[in-house]
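Enquirer: Below: one structure in structure tokens.
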Amino acid sequence: MTKLNMNKPGLVKKISLTILLSLLAVGAQAQFRADADTVLITGSNRGIGFELAKQYAEAGWNVIATARRKSDDPELADLRAVQSAHPNLVIERIDVADTKSIKAVAEKYKNQPIDVLINNAARVEQSFQADMAIVSKPYSEIDFDDAALDFSINTLGPMRMVQAFMPQVMASKQKKIVNVTSFIGSFGYGPPAAIGMNYGASKAALNMYSMKLSVQVKDKGVIVALVEPVMVQSKPGVKDIPMSSPADVEIKKLRKVIADLTMQQTGKITNFTTGKTDPY
Ligand SMILES: NC(=O)c1ccc[n+]([C@@H]2O[C@H](COP(=O)([O-])OP(=O)(O)OC[C@H]3O[C@@H](n4cnc5c(N)ncnc54)[C@H](OP(=O)(O)O)[C@@H]3O)[C@@H](O)[C@H]2O)c1
């Protein structure tokens, strides 16, 4: 058997460097395992984002659960409870409309490979009724100055995240970016619907950005997937919709879709309720 000769300075230097690099990789969060895959999720204090954070944490992933709220906000209570049970989940503050907040977290985790970056956050309300009140407004009642924020959060937010975290995604094994879109922003999903002018337009623009991004990073091995459900019971009021389905069931399906992603799906929309490719 060959014995390691620790007297060789070159070898010692090499081993120390390897140890240092693995320590740096997990250094941003001491509870992270170097051998576990890592996911970062935006808007993870409630709804789909919360369920994703919870399920990935339970599955033993390193989870960077981000929310735009301050660390002592009562709205983070559910996420903190998951963190108490699963220290492999860390909570970071990111407002996807605020480049500075994104860059600060990207800098903190600059040595942490991120296998899956999930751009989930969107400018939506706390209840289905409140969402419907907003998306039902006709063009004549929309404040188009305020509408700029829909685009800043739903469209440019994911792109700001992509720009800041691409090095960490490229340094990972899986190299997956997952942008959550909606059929309300689709040109081909079904008969044209009048509702959701801003929301729909912002998601349609997200689809376009994602498709173009997928082409730009294909040769780097990065998959850019768009995903959408039929209807997830992510908030009060959705349960009453006949085709809706519980969040835990739908997010289990979404995690399977993400796990199975290949270059075949890059730039395309996968409906995680049906498992099929949806039209733009
Ligand atoms: N539920 C569905 O059936 C359905 C259908 C189609 C598409 N989607 C898409 O799925 C995603 C999640 O929807 P959901 O139903 O889970 O919504 P949700 O329960 O209302 O959650 C939205 C999340 O986005 C966060 N957020 C809003 N603005 C933000 C910002 N500037 N920076 C960071 N986070 C921000 C919210 O945080 P706060 O608590 O701070 O507001 C919240 O955590 C969205 O992209 C939505 O368009 C959902």
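The values are calculated or read from the model by the stated rules, or taken from the named source; none is laboratory data. Keep in mind it's a predicted model, so treat the numbers as computed, not measured. Here the Cβ is made from the backbone with ideal geometry for all residues, glycine too, and neighbour counts use every protein chain on show. In case anyone asks, the SASA skips ligands and DNA or RNA and just uses the protein heavy atoms, side chains included. Shrake-Rupley method; radii C 1.70, N 1.55, O 1.52, S 1.80 Å.
Enquirer: Taking only protein heavy atoms and a 1.4 Å probe, what accessible area per residue, in Å², does the stretch 31-278 have with all protein chains in place? If you can, show how the numbers build up before the last one.
Expert: Details: 11570 Å² over 248 residues.
Normalised by residue count, the accessible surface of the stretch 31-278 is 47 Å².
Enquirer: Would you work out the charge dipole size for the chain about its Cα centre, treating the Cβ of every Lys and Arg as +1 and the Cβ of every Asp and Glu as -1, and quote it to the nearest 20 debye?
Expert: 1480 debye
Enquirer: Per the Kirkwood formula on distinct C-alpha pairs, the Rh of the stretch 63-217 is how many angstrom?
Expert: 17.0 Å
Enquirer: Going toward the positive end of the dipole of the stretch 31-278, with +1 on Lys and Arg Cβ and -1 on Asp and Glu Cβ, which of Gly221, Val82, Ile269 do you reach last?
Expert: Value: Gly221.
Enquirer: Now for a separate question. Would you kindly work out the equivalent ellipsoid of the stretch 84-125 from its C-alpha gyration tensor and give its semi-axes, the square roots of five times the eigenvalues, largest first in whole Å?
Expert: 19, 16, 11
Enquirer: What whole-number value in cubic angstrom gives the convex hull volume per residue for the C-alpha atoms of the stretch 30-150?
Expert: 117 Å³
Enquirer: Next question, about the same structure. Find the centroid of the Cα atoms in the stretch 161-182 and in the stretch 258-276, then give the distance between the two in whole Å.
Expert: 15 Å
Enquirer: Also, quick follow-up: Can you pull the Rg over Rh of the stretch 181-235, Cα-only, Kirkwood?
Expert: 1.05
Enquirer: Next question. How large is ³J(HN,Hα), in whole Hz, for each residue of the stretch 96-111 in order, when computed from phi with the Karplus curve 6.51 cos²θ - 1.76 cosθ + 1.60 and θ = phi - 60°, using x for Gly and Pro?
Expert: 5, 8, 10, 4, 4, 5, 5, 5, 5, 6, 4, 5, 4, 9, 5, 9
Enquirer: Also: Normalise the Cα radius of gyration of the stretch 140-194 by 2.2 N^0.38 Å (N = residues in it) and let me know the number.
Expert: The stretch 140-194 yields a ratio of 1.54.
Enquirer: Report ³J(HN,Hα) in whole Hz for each residue of the stretch 84-89, in order, from the Karplus equation J = 6.51 cos²θ - 1.76 cosθ + 1.60 where θ = phi - 60°; Gly and Pro get x.
Expert: These are the phi-based 3J(HN,Hα) values: 4, 7, 9, x, 6, 10 Hz.
Enquirer: Given H placed 1.01 Å from N in the peptide plane, which residues other than close sequence neighbours of Asp278 have an amide H under 5 Å from its amide H?
Expert: Answer set, sorted by chain and number: Ile269, Thr270, Asn271.
Enquirer: What's the magnitude of the charge dipole for the stretch 104-174 around its Cα centre, counting Lys and Arg as +1 and Asp and Glu as -1 at the beta-carbon? Answer in Debye, nearest 20.
Expert: Dipole of the stretch 104-174, to the nearest 20 debye: 520 debye.
Enquirer: Over the stretch 33-73, with a single point scatterer placed on each C-alpha, what log10 of the ratio I(q)/I(0) does the Debye formula yield at q = 0.24, 0.27, 0.29 1/Å?
Expert: Result of the Debye calculation: -0.75, -0.88, -0.95.
Enquirer: Using only Cα atoms and rounding to the nearest 10 degrees, what angle (0 to 90) does helix 247-260 make with the longest principal axis of the chain?
Expert: In the chain, helix 247-260 runs at an angle near 50 degrees to the longest axis.
Enquirer: Rounded to the nearest 10 degrees, what's the angle between the helix 47-58 long axis and the longest principal axis of the chain, both from Cα atoms, 0 to 90?
Expert: On a 0 to 90 degree scale, this one is about 30.
Enquirer: Given the rule -39500 (n - 2.57) for each run of at least 4 DSSP H residues, summed and divided by the residues of the chain, what is its mean residue ellipticity at 222 nm, to the nearest 500 deg cm²/dmol?
Expert: -12500 deg cm²/dmol
Enquirer: Could you give the alpha-carbon Rg of the chain over 2.2 N^0.38 Å, rounded to two decimals?
Expert: Computed over Cα atoms of the chain, the ratio equals 1.08.
Enquirer: Using a probe of 1.4 angstrom, how much of the accessible area of the chain is carbon and sulfur, in percent?
Expert: Carbon and sulfur together cover 58 percent of it.
Enquirer: For Glu141, what accessible surface area do you get with a 1.4 Å probe? Give it in Å², rounded to 10.
Expert: Its accessible surface works out to 120 Å², give or take rounding.
Enquirer: Using the Cα centre of the stretch 142-280 as the reference point, and only Cβ charges (+1 on K/R, -1 on D/E), how large is the resulting charge dipole? Debye, rounded to the nearest 20.
Expert: Dipole magnitude for the stretch 142-280 comes out near 760 debye.
Enquirer: For the chain, find the longest principal axis of its Cα atoms and tell me its angle to the long axis of helix 157-170, 0 to 90°, nearest 10.
Expert: Helix 157-170 sits at roughly 20 degrees to that axis.
Enquirer: Whose amide H sits under 5 Å from the amide H of Leu89, counting only residues 5 or more places off or on another chain, with H placed in the peptide plane?
Expert: Those qualifying (amide H under 5 Å, at least 5 residues apart or on another chain) are Val63.
Enquirer: Another question about this same structure. Against the 2.2 N^0.38 Å scaling, with N counting residues, where does the stretch 161-280 land? I'd like the Cα-based Rg ratio to two decimal places.
Expert: 1.09
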